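Heads up, the thing below is written out as structure tokens.
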Amino acid sequence: MNIAIVIFSLVFLITLHELGHFLLAKKFDVKIHEFGIGIPPRVIGKKIGETIYSINALPLGGFVRMMGEDEKVKDKRSFSEKPVWQRAIILTAGVATSWILAMLIFTLVAFGWGVMRLEVGEGDFNEAFLVGRVTEESLITTMAKEGDLEFEGEKLTDPERLKEVFSENEKVTFQRGEESLTVEPISGLTARSLRFGITQPGHITKTQATGIGIALKGLVTGEGVPEWMEFGGPVMIGDMAVDALDRGMGDYLMFVGIIATILAFMNILPIPALDGGRLLFLGIEKVKGSPIPERVEQTANAIFFVLLITLMIAVTVRDIFNLF
């Protein structure tokens, strides 16, 4: 049941992402040949109007196939014939949809379950979020009971005193041995919960961009990717999702929000075959005043599509071996 819920959630995220492209393409009167869930071969397909709606064999992606998207077609309803600004909006619509969904999910988690924002020490990856409020069972209460927390020279061991401290301060910085620990409880129908929901995708995106920068620097300098930096594919994501679901619906929704944000971030990277790569070509077209040669764009998209699929397969195989 857990695995079925995870697969459904991933398909749901991808479908909403593609729905963003679909709706904006419809808005600008682009002819859509097919709206597909999953990667072909096609399992089920039904033509409604001028569009085929299909479910495909591999539930690891989705697509919207538009007239003139991969080749220039002289037709007023062709994607290639639309103004650059309309094409750019259509391409960014999927990312925008994923971001909006993530904001809604994070806001729901903060409203319904509460979140504790933790900052431990300094650095690029010193921030973490725990789902839940300050209760007798929460991690921060356990730390207090064990005498690990000190606030303004006071050793906290009483959970009731801990709750008083949080009621008097929006954000509390404790001393925990040689290390500082800042805790910000966020919960309920408050402005802070709403702010958390709106800003959290930005924080996650910044963390992802920083991580990629560190990894690329390590590869260029020959130092390699840091051991603590972990990359994974669908199998690893599924495993983490099941663990989150076991911890409760709040944790699972938080995880889904993170995946929605990462999906948006990865798609906007300026890599051919992704939305960001197509936006890059549009930017070049706008600057130079004419489109990039069709053959050049098609070749770049094909090469990087094969590379991305190969990388996904390699990472998936590695994740499967790591399970045993």
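Please give every one of the lysines within straight-line cross-link reach of Lys217, meaning a C-alpha to C-alpha distance under 23 Å, and leave out same-chain neighbours fewer than 8 residues apart. Answer for Lys217, where 23 Å is the Cα cut-off: Lys206, listed by chain and number.
Extent along the principal axes, Cα only, for region 262-324: 55, 24, 9 Å, with the longest axis given first. Applying both filters, DSSP loop and at most 14 other Cβ atoms within 10 Å, to the GluC sites (Glu not before Pro) of region 132-173 gives Glu136, Glu137, Glu146, Glu152, Glu170.
Where the alpha-carbon atoms of region 222-275 are placed on the principal axes, they occupy 39, 30, 16 Å, in descending order. Size descriptors for the chain, from the alpha-carbon set: Rg then Dmax equal 23.2, 75 Å.
Here the spin labels are modelled as points 7 Å beyond Cα on the Cα-Cβ line, and at Thr182 and Asp158 they lie 2.8 nm apart.
For the chain, what's the relative contact order in percent, using C-alpha pairs closer than 8 Å and at least 6 residues apart?
Values: 483 pairs, mean separation 52.4, N = 324.
Reported relative contact order: 16 percent.
Once Rh is set to the Kirkwood radius over Cα pairs, what Stokes-Einstein translational diffusion coefficient, in µm²/s, holds for region 75-190 at a temperature of 10 °C and a viscosity of 1.306 mPa s?
Details: Rh = 17.1 Å.
Answer, rounded: 93 µm²/s.
Based on Cα contacts under 8 Å between residues 6+ apart, region 59-179 shows a relative contact order of 11 percent.
Select from region 90-132 those chymotrypsin sites (Phe, Trp or Tyr not before Pro) which occupy a DSSP coil region and have at most 16 other Cβ atoms within 10 Å, ordered by residue number.
Details: sites: Trp99, Phe106, Phe111, Trp113, Phe125, Phe129; in loops: Trp113, Phe125.
Loop-located and lightly packed - Phe125.
Starting from the Cα of Lys47, draw a straight line to each of the aspartates and glutamates and keep only those under 14 Å, dropping any in the same chain fewer than 8 residues away. The reachable aspartates and glutamates, counting only those whose Cα sits under 14 Å from Lys47, are Glu34. Expressed per residue, the C-alpha convex hull volume of region 49-101 stands at 122 Å³.
Within region 15-63, the GluC sites (Glu not before Pro) that combine a DSSP coil assignment with at most 11 other C-beta atoms in a 10 angstrom radius are Glu50.
Against the main long axis of the alpha-carbon atoms of the chain, helix 275-288 sits at an angle near 60°.
Dividing the summed helix terms, -39500 (n - 2.57) for each DSSP H run of n ≥ 4, by the number of residues in the chain produces a 222 nm estimate of -19000 deg cm²/dmol to the nearest 500.
Please give the net charge around Leu311, taking every other residue with its beta carbon less than 15 angstrom from that of Leu311, where Lys and Arg add +1 and Asp and Glu add -1.
Numbers: positive: Arg318; negative: Asp319.
Residues close to Leu311 contribute a combined charge of 0.
Bear in mind these aren't lab numbers, they're just calculated from the coordinates by the rules spelled out. Bear in mind the structure is a predicted one, so any value in this text is a computation, not a measurement. Backbone-built Cβ (ideal geometry, glycine too); neighbour counts: all protein chains shown.
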